[in-house]
Amino acid sequence: MTNPVVQKVNPMLTEERAKASFPVEELTYILDGGKFNTEKRREIEELVTKDPNFEHPPIQFMTREQQYSLAVKKALLVQQRLKELDMLDDPYASYFFRRIAMPREVSPIGLHWVMFVPTLMGQCSDEQRERWLQRALNYEIIGTYAQTEMGHGTFLRGIETTATYDPSSQQFVLHSPTTTSIKWWPGGLGKTCNYAVVVAQLHTQGRCHGVHMFLVQLRDESTHRSLPGVVCGDIGPKMGYHTIDNGFLQLNSVRIPRENMLMRNAEVQPDGTYIRRVSNEKLTYGTMVFVRSLIVSDAARGISEAATIAVRYACVRRQGEPSSPGAPEPRLLDYPVHQYRLLTCVANCYGLWFASEVLRDLYFTVQPDVLEGRTERLPETHALSAGLKAVGSNRGAACVEECRRCCGGFGFSEASGLPKIYNDINPACTYEGENTVMLLQTGRHLLKCVERARRGEQLAPSDAYIRSRPTPQPKLAGGPLTADLLLGWLRWRSLSMLLEVSGRFNSFIEQRQAWADAFQAVSRRLTRCAEAHCILYVGQAFLDSAKAAENPKICGVLTSLCRLFLLNEVVSGAGDVQLSRSDLARCQDAIDSLLTELRPNAVALVEAFDLPDRMLCSVIGRYDGQVYEAMLQWARQSPLNATDVHESYELYTRQFLAGRSLAKL
Ligand SMILES: Cc1cc2nc3c(=O)[nH]c(=O)nc-3n(C[C@H](O)[C@H](O)[C@H](O)COP(=O)(O)OP(=O)(O)OC[C@H]3O[C@@H](n4cnc5c(N)ncnc54)[C@H](O)[C@@H]3O)c2cc1C
């Protein structure tokens with residue numbers, strides 16, 4: 001455990017830690033992907049912790065401008081340190097360095113790495129790469145990715161920004177013709193970046209050729225002033241992400257050289273002739289799959305942080321009627337309903353953690369094939385990554401909110417760290433493909449799978465359970481409710497729901513409805529099918545990882561947690577299909593027994609995530625469990641407490657209490 005014990009540890013937490021039935025450290029190695037990774041991560045944490053440049057008072061007491069300015073400084077410092085330590089080429093090390101140096105702070109230059117550089121890598125011709133990529137990698141320029149407009153998000157083809165080619169000057173004229181065409185949202189666009197990849201409708205020789213990408217310089221490289229015709233700025237405070245300047249961009253006939261169109265897939269020649277090359281859009285899908293697997297893993301990490309805070313707090317918080325006169329009040333964790341709320345979040349966290357790893361491995365398996373033109377598994381990976389991105393971020397936000405509520409009033413205080421985790425996890429439901437739209441994409445793929453199964457075609461591994469005919473419902477009554485049996489039931493549920501929806505869809509088609517109308521008619525139910533399909537994948541990944549654990553004690557506790565996950569899905573999905581009352585009652589009883597079984601391991605299961613206090617930034621989730629003293633100390637730092645009497649008293653309250661009218665002040 002890397003946490004420095006700053007105060008005497010609360011005995012209630014010590015007592016809970018002693019109850020662990022398995023070696024926590026070994027589970028940490030599994031979660032990290034091996035002992036080597038755990039050690040490396042801890043070394044990095046120590047490096048950052050010792051660096052005074054990353055020390056500062058709580059950001060919650062700072063204004064947004066102060067938070068942004070500090071985040072710019074720290075983000076650049078992180079890059080400098082990574083270079084000095086020769087860690088830039090080590091993705092694992094640099095990921096953890098950033099996370100620990102900027103806990104809960106979204107980096108204003110994050111988009112540079114996540115979107116700008118990968119877009120240059122994937123969309124530039126070889127000469128363009130030569131010219132720009134190295135400059136971007138060396139941080140001589142900082143870029144963002146500007147696609148979304150005020151009026152157009154999900155529907156990419158509706159984008160209004162135009163890039164019109166002028167052969168006389170061999171330049172493109174970038175223009176925002178309407179208010180709704182103003183770019184809105186790109187990270188770092190407001191104040192930080194000096195370049196952007198701008199997505200616009202390409203016009204040449206009187207024809208529109210659809211959306212293409214252009215590299216546009218926004219600000220002068222030495223003064224950082226915005227260039228003529230470029231109007232950009234910050235879009236203002238948001239629900240979270242206070243440290244990043246999501247921005248707007250209006251382009252007023254801004255001219256860029258012809259060579260600034262990203263030309264890997266298409267080209268405009270000097271005379272204005274448009275040439276489309278063999279599309280490698282399928283390669284772009286590959287990158288999308290990878291980014292989405294990271295979103296699922298971020299969702300799991302968000303829950304791991306919230307659950308660590310809420311479980312520790314539940315051990316030290318006493319609330320309620322004592323069981324006998326003179327006895328202490330019960331701890332929150334002693335209440336079965338509280339155990340249920342927290343342990344189901346922990347179970348979701350482990351499930352998503354393992355599923356994100358399987359998805360990432362799938363990407364690394366499929367990507368080399370795709371590069372060589374074998375794209376058979378691309379539809380499966382694409383559909384899975386879209387659906388899991390949606391299910392992961394939806395669950396992430398829901399579980400973090402549940403953990404926040406589990407902490408009562410303190411969960412509403414910024415001191416808990418929980419509002420910030422929630423506000424930072426929530427936007428992932430919207431960016432990189434809005435979640436409902438993602439589920440519809442998965443659903444569309446599932447409908448096609450039923451059709452292919454009907455034609456007797458072979459389906460990809462994760463779709464292989466899909467048939468064109470129903471199978472009998474697995475019986476839950478009778479024998480033990482094993483994880484395999486529960487998974488089998490969820491597989492059956494997914495297939496049953498899908499066949500029903502596909503049947504309705506086909507009947508609309510037989511009634512000569514247009515494909516798009518038939519799709520809309522079943523779309524609501526189809527999103528539910530997509531969720532069921534993805535939950536099945538999460539459950540399978542969870543169970544496989546539990547079975548793979550070499551230590552029988554770890555295998556045992558993970559299998560129990562996995563059963564809790566699966567049972568909870570069966571119970572909450574009972575209304576989707578017909579689950580008998582006796583089967584439902586059995587499942588409910590099994591959940592109750594599992595809560596009792598898992599409760600002694602609650603702390604161990606969250607502490608296996610090995611999150612140092614520095615990362616949690618939580619007064620109520622600290623390792624030593626000394627919640628109340630720390631809460632008072634934290635509140636004392638509020639700027640409102642700088643003076644005993646606040647200036648508003650002299651300005652307004654004194655007059656008001658004396659009966660004078662405030663209007664005259
Ligand atoms: C924090 C944050 C960072 C972002 N960063 C960037 C960035 O760096 N660069 C960038 O270009 N953009 C960025 N975005 C924008 C983001 O990609 C869009 O918000 C997203 O694509 C959704 O588009 P929209 O907001 O226009 O919503 P809309 O597309 O208008 O969707 C609104 C609602 O309608 C529903 N809906 C839309 N279409 C359909 C349909 N066909 N069927 C059923 N329902 C539908 C959606 O599910 C959604 O609930 C960012 C957004 C956020 C919140």
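The values are calculated or read from the model by the stated rules, or taken from the named source; none is laboratory data. All values derive from a computational prediction rather than experimental measurement. Note that we place each Cβ from the backbone using ideal geometry, even for glycine, and neighbour counts take in every protein chain shown. Surface accessibility is based on the protein's heavy atoms, side chains included, excluding ligands, DNA and RNA. Shrake-Rupley method; radii C 1.70, N 1.55, O 1.52, S 1.80 Å.
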Rounded, prolate or oblate: which fits segment 143-279 when a ≥ b ≥ c are the square roots of the eigenvalues of the alpha-carbon gyration tensor, with rounded for a/c under 1.5 and prolate only if a/b beats b/c? prolate
Not counting ligands, DNA or RNA, and with a 1.4 Å probe, what is residue 255's accessible surface area in Å² rounded to the nearest 10? 120
Starting from segment 1-76, pick out the GluC sites (Glu not before Pro) whose DSSP state is loop and whose Cβ has at most 13 other Cβ atoms within 10 Å. 55
Can you tell me, using C-alpha contacts under 8 Å and at least 6 residues apart, the relative contact order of segment 393-501 as a whole percent? 18
Shape call, the chain: gyration tensor on alpha carbons, a/c limit 1.5: oblate
Packing-wise, with mean Cβ within 10 Å as the measure, how do 353-366, 390-403, 231-244 rank, highest first? 390-403, 353-366, 231-244
Relative contact order for segment 102-233 using alpha-carbon pairs under 8 Å, separation at least 6, rounded to a whole percent? 23
For segment 541-658, the convex hull over Cα atoms projects on average to an area in nm² of 14.6
Membrane-span-like helices (DSSP H runs, Cα span along own axis at least 24 Å, mean Kyte-Doolittle at least -1.0) in the chain -> 64-84, 281-316, 336-371, 378-406, 435-454, 483-510, 515-548, 552-572, 581-598
Segment 320-397, accessible area per residue, ligands and nucleic acids excluded (1.4 Å, Å²): 40
So which aspartates and glutamates can residue 8 reach, going by Cα to Cα under 17 Å and dropping same-chain residues fewer than 8 places off? 16, 613, 624, 629
With the contact rule set at Cα under 8 Å and sequence spacing of 6 or more, what percent relative contact order holds for segment 283-625? 25
Pairs to check: 50/74; 50/83; 83/389. Give those whose C-alpha atoms are more than 25 Å from each other in this structure. 83/389
By what distance, in whole Å, do the Cα atoms of segment 283-625 stretch along each of the three principal axes, largest value first? 74, 46, 41
